[in-house]
Amino acid sequence: MTELLADLVRANLAASLAIVLVLALRLPARRLFGAEIAYRLWLIAPLAYVASFIPAAEASDAAGLPAATFTALPPSTPLGLQVWIAGVIAVMALMGVGQQRFLNRAKAGAAGPAVVGIISPRIVTPADHETRFTPEERALVRAHERAHIDRGDPRINAGVALAQAVNWFNPLAHLAAYYVRLDQELACDATVMARRPGERRRYAETMLKTQLGTTPLPFGCYWPAPSRHPLEARIDMLKQPRPSMVRTMIGVGAVLALSGAAGFGAWASQPPAPPHVRWVDHPTREVMSPTRATVVLMTLTPAQMAAFKQPKR
């Protein structure tokens, strides 16, 4: 269990560096390569996080032989692990409450437009959707929400919410979740405008007419984000021309290169993994290699010693 906490801290350090990198690159990337490429930059953070859990290379001494020290873990659960589990449960409970509040408002016709659901996402619209929006505006809203569903954004947002819960102690995880959703909306806007380039003005007017909801939606996609600044950023993005195919391909290549570099760097920065020990016959014993270049020290409890002495069938 102690090793789990150490791995979690190491993974958060790697992911935090990746998040800082993405936060620094997202605006220049949006200007150079478009909102869709800027959104894909967020792949760097989870790749660095996951790479930190891949087993590292085995440690070796000057002679090229493995050497390590092993100590049995105490039978009780460490206090740090208990605190972490309690935090995960608390964050998931808060998200569940927020999700239920949004669903209650949606049933009352006071929420949306949004996409809810993970396995079978569905579009939610407010009760006055037919009267507030013209047929052309309703078509734009549906196109936006369909873009979310086609790209799998509800599942991505569920993964982001789960990452927030697991890494609740890391403030950068929550900051990244906010900007992931904002960049996701900008990328979705860019997708719709690529298919409907002549409707930029109507699209901006539709965004201004949508309800700025105050109820969070942890598992889903809501449109627009509930604050003034993101709405201004989205409208401003509509004024930018779509990047050329060459720029888009360069942006994709840059994202792949940065993701690969971040993943490899997170894996390579791990401490060397200890060697695998096959047997032991004393509570504390030094096992020497024939060349006496390797020493492995094991400390076991009586119960563990009894398990080792059990005959194999």
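If you take the residues in the stretch 1-24 that are in a helix (DSSP H, G or I) and over 17 Å from the mean Cα position of the chain (by Cα), which one is modelled with the lowest pLDDT? It comes out as THR2. I'd like the full set of residues that are part of a helix (DSSP H, G or I) and buried (at least 19 other Cβ atoms within 10 Å of the Cβ), limited to the stretch 167-176. Correct list: ALA173, ALA176.
The values are calculated or read from the model by the stated rules, or taken from the named source; none is laboratory data. For clarity, every value in this text was computed on a predicted model and none was experimentally measured. Don't worry about glycine lacking a Cβ; one is built from the backbone with ideal geometry, like all the others, and counts go over all protein chains shown.
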